[in-house]
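Have a look at the structure below, then the notes.
The values are calculated or read from the model by the stated rules, or taken from the named source; none is laboratory data. Bear in mind that the values here come from a model prediction, so they are computed numbers and not experimental data. Don't worry about glycine lacking a Cβ; one is built from the backbone with ideal geometry, like all the others, and counts go over all protein chains shown. The accessibility values were calculated without ligands, DNA or RNA, using every heavy atom of the protein model including side chains. Shrake-Rupley method; radii C 1.70, N 1.55, O 1.52, S 1.80 Å.
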Amino acid sequence: MGNCFGSDVPEVGAVKAMAHAHHAHPQVAMAKRVMAAPSPAHHAAVSQQGVPGKKSPPSTATTTTTGGTASKRPAAGGGAATSGGGGGEPSRHQPVDGRILEVPNLRVFTFAELRAATRNFKADTVVGEGGFGRVHKGWVDERTMSPARNGAGVPVAVKKLNPESLQGVQEWQSEVNFLGRLSHPNLVRLLGYCWEDKELLLVYEYMAKGSLENHLFRSEPRKGGAAVHQPLLPWSLRLRIAIGAARGLAFLHSSEKHVIYRDFKASNILLDTHFNAKLSDFGLAKDGPAGGSSHVTTRVMGTYGYAAPEYVATGHLYVKSDVYGFGVVLLEILTGLRALDTDRPAAQHNLVDWAKPYLADRRKLARLVDPRLEGQYPSRGAQRAAQLTLRCLAADHKNRPSMREVVAVLEEIESMSLSSRAAARLDGSASPRPPTARNGHSQRPGSGSSLDWAGPAPAGGHSAHPSARVTTR
């Protein structure tokens, strides 16, 4: 979840209060927003000086008992995890429509089950780590979701809260409230959770290809500090990933609550076996404005380089604040560069500030596109993508396109790319390659010196600095 930076005290207090009622009323505790008024059943559960009540959980059609433990099985579209994260390649023009459940429909795991599924959370099962805590790869039975032997059944991702992370408690609650109720092909499926004493865990479908960040910047941290270099993402695959992520964001924005994601970045876009993109990490998500309001006012929380300028300046969060973040990621996809990188020359630390003038100039665009593509992309498609990026990065949120419009434009660009590839097969043509500097790398816009260039670092890849979440007080 990145580096967290504090919490909204009233919300955390509400989360703490809900902990007492959890075991007696898991459905009630999980179904309500943390700021919602507690139900009568909730009050009963936390009565008698905070001792959980003895009343049984409300019965539902999806509640089952496995090994003596009441557990909710995933609904259709939110079933058992697979290493493919979707069981096949979806059609190219997939609609943004999904489903919103009345209450989270999740399996309640015991801590013992998740400990068995991850071999006691052994170090060699760790696949990621953030401000929330570590993410472990585990194995469960595909039918019963009970723990399975390593390599048997289906893999799942188990996120375990660091007990010292107060913000993690709040984000854990937000994950369950949002991702537990939302079902869409481009959102990572939350399969279940565990809340026992101080142990808070979340169980997701396992995304076999990791994050867009790892692939785009071609390095993945390994135990011991080494890095595994990822294969280069070609233009067609970058476009496909952008379309999938855009569809997921469009679904959130078009839902009844106009959900604002608030932390759109490459590390939160996960990829399944077929490189289908899915949004993960809903710890900072918020319901959008209601009652005719244009925005919600909230404490500024997000990630440096991706947060919209109006949100950082005023705390006013608009639905189209997400569109700005999408524009930043689209720029990263186009250039192969991180949004922020202090290893670049000073004028190029902030990718958006530095690249904007070149996005608007079609004559300079070829020098801005990731040189590792070696010109293997349609120039017209790149120009359209650059124009779309500029619109998403507009200073005034009113001038940014909706995510539905973004999806439509990206699909048009994909069609153009397919046509260009077909034409190239007939005549052998391709886009002209960017100018090449003396060191063999394509030269980026700048002073004209091969040193004034923000391309991939030799041998070591791009800077491995993580994106840090930030706040303003």
Go through 125-133, 168-176 and give me the packing order, highest mean Cβ count within 10 Å leading. 168-176, 125-133
Note, region 149-156: 3J(HN,Hα) by Karplus (6.51, -1.76, 1.60, θ = phi - 60°), whole Hz, Gly/Pro = x, goes 5, 4, x, 9, x, 10, x, 9
1.4 Å probe accessible area per residue over region 134-188, in Å²: 36 Å²
Which pairs break 23 Å Cα to Cα here: LYS198/LYS265; LYS122/LYS265; LYS265/LYS356? LYS198/LYS265; LYS122/LYS265
What does the extension gain come out to for GLN230 and ASP396, with contour length at 0.36 nm per residue minus their alpha carbon separation? 56.1 nm
Filter the cross-link list LYS160/LYS209; LYS159/LYS257; LYS209/LYS364 down to pairs whose alpha-carbon distance in this structure exceeds 22 Å. LYS159/LYS257; LYS209/LYS364
Pairs of Cα atoms under 8 Å, at least six residues apart: use those to get the relative contact order of region 98-206, whole percent. 31 percent
Residues of region 219-354: accessible area per residue at 1.4 Å, in Å²? 34 Å²
Amide H neighbours of LEU200 under 5 Å, at least 5 residues apart or on other chains, H built in the peptide plane: list them. LEU161
How much FRET efficiency would the formula 1/(1 + (r/R0)^6) give for LEU237 and ALA408, where r is the Cβ-Cβ distance and R0 is 25 Å, rounded to 0.05? 0.80
List the pair-distance distribution P(r) of region 249-318, using every Cα-Cα distance, as the percent of pairs falling in each 5 Å bin from 0 up to the bin containing the longest distance, rounded to whole percents. 3, 16, 24, 24, 18, 8, 4, 2, 0
Starting from the 7 Å offset along Cα-to-Cβ, what nm value, one decimal, do you get for the label separation of GLU142 and PHE121? 3.0 nm
Given a 1.4 angstrom probe, I'd like the percentage of the accessible area of region 137-292 that is carbon and sulfur, rounded to a whole number. 48 percent
